[in-house]
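Here is the structure we will look at, set down as structure tokens.
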Amino acid sequence: AVGPKGIFRVIERSEQWSVGELEPEDFGAIRELSMNPIGDRIISAFFSPGKETVDFASFVRILAHFHPTETSRSRDGVQPEPANSRTRKLKFAFQLYDQDRDGKISREELLQVLRTMLEMQVTEEQLQSIAERAIQEADLDQDDAISFDEFRKVRGVDLIRDQIDNWEY
Amino acid sequence: MTAACLQHKSPFLRLARRSSFLPLTGLMCVLLLVFVSVASASRDVVSENNETWRGPAGETRGDSHNQTNSTAHKKAFPVLSFNYEHVRKPFEISLWILLALLMKLGFHIIPGVQNIVPESCLLIGVGLLVGGIIKAIGEEAPVLDTKLFFLYLLPPIILDAGYFLPIRPFTENMGTILVFAVVGTLWNTFFIGGMIYGVCRIEGGQLASVDPLSCLLFGTIVSAVDPVAVLAVFEEIHINELLHILVFGESLLNDAVTVVLYHLFEEFTHAGTVTVVDAILGVVCFFVVSLGGILVGAIYGILGAFTSRFTSHTRVIEPLFVFLYSYMAYLSAEVFHLSGIMSLIACGVVMRPYVEANVSHKSYTTIKYFLKMWSSVSETLIFIFLGVSTVAGPHAWNWTFVIVTVVLCLVSRVLGVIGLTYIINKFRIVKLTKKDQFIVAYGGLRGAIAFSLGFLLTNSEMKNMFLTAIITVIFFTVIVQGMTIRPLVDLLAVKKKKESKRSINEEIHTQFLDHLLTGIEDICGHYGHHHWKDKLNRFNKAYVKKWLIAGERSTEPQLISFYNKMEMKQAMMLVESGSTAQLPTIVSSVSMQNIKPRGPARQRAIPSISKSREQEIRKILRANLQKTRQRLRSYSRHDLMIDPFEDNVSEVRFRRQRVEMERRVSLTATVILFMSVRALEIQDSLCS
């Protein structure tokens, strides 16, 4: 799980801690996060769909995704998959793309991600071409969207696996 | 590089395969002999006496005498004269380089050799051979001049390495690399120096006169991992990126340590006594040398980037700016006894992103290939000279000393790596496994830098002994370790480099994940790696790019420039190789509906085509039609090539792209597509 230092810092930043729950506005108080292009996506990832607040346990559960993967862990089938396994991490990243949680990254969702990341410095046509190309590279079953399996198989993600394994905190 | 040569399937190669090796080896022998004769001629001391002249140079003397004496007797006008003296020096230099490169060529043509023996070993072997022949003749062989090495041969290799340094793995592993470079080299120096001194004390006899400072100096020279040797060997084994950057980064960064220690110990041997103040000054000196070197490099890098902003009208000289600024950085650092290597690396690293955004595509290619070319030539020359100098130099062989040195080098390297990895792994997330440690330890090769530094030593009776030991260590590491590292890598099943091209997905996801991790770090309040990287990127985007990149490219986000580069690469591939280009797109059955309805709309007067012509067209199209389908699928209306069948104005959209590229590509593409449509029309008309 997250180290104790991290939790204390988060506690310092949120004044609602006594109540035991966090709201999106508390996250908005973190200045750097508001400058982050995908800041609001990250914030919304903490909140389960429909809920307005997040309690401590869920908060920590989300952050647990970011612990380094222990590849040498032996798992029997009974134990539930740990939060920091590679698949769960990939799933977390995938869900950040897939805002409507339908299990696929549609072209529109990809365009939205690109738009936020490129911060309106590009023309619409360039965005379209990039999204087109990305989907072409990844889309194996020709449904014009990227499912989770296709996401995992994409050549690029293969190389990022090392990066994902290295997530700390 | 090596594989590409073999695949070229030149007629020479086919000939070589069919016939025996004899003609090739014969050719090599002839080359060797010419090499040797030139070398011997070049060593002749230019003197006034005629007796010392030999070989082709001898004739010129007589001739020039004749010419100077011509005023006395009236001779006939010389129609053809021989004046070698005039061009002697450049002629010999060029001939040396040419023959060295022909050797290198020869190695690649002889099949099978390079799989067993790395190129560096072969070149050293050639050098030994040449040196041996020269010595047998009785001439004095040329030695690897230290000034020549440090000022002319080393910089191109380092610049090539620095300019193309993979930044991401380098910065990610910076801590590890620094620990290996600084602490590892220090450990090696003191361990080897100390143990050698102890052994000398114990042995007595000839070795008793060796004092501790000389031993430490010797330890410094022999303990530094050499970038040239590492590059030469590692390039052929295609090891995974992490290990490559660890060993290579270490070899680059330990230059600062080596420079400081070398000058330190040399001063001390002259001064005689060492005080604590001197030791502290030494530590300060280290920081000055390394940080100063980096600063000098960065300044020149920024200057170079700034200059490249204004070169849009004089594209031809753009590459020269890159080379000259970098070389100046190296020389300026050497003036102040700072670390020239680090300065060169810093210059290349700082300059590269801005220069690449500013220069034309042709200049970019020129820079790339010139750097590769110069570094290749330098490397070849260095290894050959190493072999020649070995035969030439004065030697003092002392069995104990040499054997102890070699053993100690190995032992200290292994111990150092294991010990440091144990400490480093506590801070690393991706731990270094035992296999990784072995490769890092085994890859610590010594090379020509050690030799040159040894040559710089002031002449003493120990210098020859030291030099012999250094040469032995170099030979051992380069030949034995260099030859065996490839089978060992295969044996241990070490991860090799993944030869995959960067895809647009990878780029998008990498950036996305960077943002994600930065965000998470911000939530936790943890100012980690990503936080600072993000800050640097913002600073770069907000201030630096505006100053150093010309025009509107300065606001272009990284993803867009990457995408443009990809598209351009793909378009160029298509233009260059008609039917053999591999497109990463999916082959899907494209409906010809895309063109069919347009066809009749573009009714042109189809001239009657003869049967043979039509066959020709059909054949070409059959070969290319598959390509055409793919092209139509991937090159939709958003793409680089102006699709002549679209009435949407794609030209307007891509005005920001490079115009000449666009024109060229679109022209060829238009021709091909037009041909295909015409052929289809012909087919239609023939069928109906």
Assess whether B:Asp490 counts as being assigned to a helix (DSSP H, G or I) and at pLDDT 75 or above. yes
Hey, any hits in region B:83-93 for a residue that's among the hydroxyl-bearing types (Ser, Thr, Tyr) and either part of a helix (DSSP H, G or I) or closer than 30 Å to B:Thr472 by Cβ (or both)? no
Restricting attention to region B:227-266, report how many residues are outside any helix (DSSP H, G or I) and not β-branched (Val, Ile, Thr). 2
Residue list for region A:136-151, restricted to those being in a helix (DSSP H, G or I), more than 9 Å from chain B (Cβ to nearest Cβ) and surrounded by 13 or more Cβ atoms within 10 Å (Cβ to Cβ): A:Phe148, A:Glu150
Of all the residues that make up region B:434-474, how many are assigned to a loop (DSSP other than H, G, I, E, B) and more than 24 Å from B:Pro394 (Cα to Cα)? 2
Considering only region B:410-429, state which residues are among the β-branched types (Val, Ile, Thr) and either assigned to a helix (DSSP H, G or I) or crowded, with 18+ Cβ neighbours inside 10 Å (or both). B:Val411, B:Val414, B:Val417, B:Ile418, B:Thr421, B:Ile423, B:Ile424
Within region B:300-324, tally of residues that are among the β-branched types (Val, Ile, Thr), surrounded by 13 or more Cβ atoms within 10 Å (Cβ to Cβ) and without any contact (Cβ under 8 Å) to a residue 24 or more places away in the chain: 1
For region A:86-99, state whether one or more residues are over 23 Å from A:Ala45 (Cβ atoms), within 12 Å of chain B (Cβ to nearest Cβ) and at pLDDT below 75. no
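The values are calculated or read from the model by the stated rules, or taken from the named source; none is laboratory data. Worth saying up front: this structure is predicted, and the values here are computed from it rather than measured. Note that we place each Cβ from the backbone using ideal geometry, even for glycine, and neighbour counts take in every protein chain shown.
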